[in-house]
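Just so it is clear, none of the values below were taken in a lab; they were calculated from the coordinates. As the structure is a prediction and not an experimental result, all values here were calculated from the model. Note: ideal-geometry Cβ built from the backbone for every residue, glycine included; neighbour counts use all protein chains shown.
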Amino acid sequence: MPVKRSVLIAGHPTSVTLEPEFWDALKALALAEGTTINALVERIDAARSGNLSSAIRVWVLGRARAGALGAPGV
């Protein structure tokens, strides 16, 4: 079931709804990059052209495909 959380983008709170697995992956990727979830979401937001939640999912998927999550066979 999707979870709604508040993130800050340019100092403004914004609600984002993602499945728990995507929140976990976003947290792991932020940790791996030595940054925060808010900083990653700001970066994703700056590059997106559509819905923020969808942009985050696509970004996480791209990182998983690149092997950033250490997922075998991805």
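Taking the number of other C-beta atoms within 10 Å as the exposure measure, put Ile44, Ile9 in order starting with the fewest.
On the way: Ile44 19, Ile9 15.
Listing Ile44, Ile9 from fewest to most nearby Cβ atoms yields Ile9, Ile44.
Rank-order 48-55, 59-66 by packing density, defined as the average count of other C-beta atoms within 10 Å over each peptide's residues, highest first.
59-66, 48-55
Which entry is the computed volume of the Cα convex hull per residue in Å³ for this structure: (i) 153; (ii) 86; (iii) 119?
The value matching this structure is (ii).
Taking amide H positions as placed in the peptide plane 1.01 Å from N, state which residues far from Thr35 in sequence (5 or more) or on other chains have amide H under 5 Å from it.
Here the answer is none, since no amide H 5 or more places off falls under 5 Å of that of Thr35.
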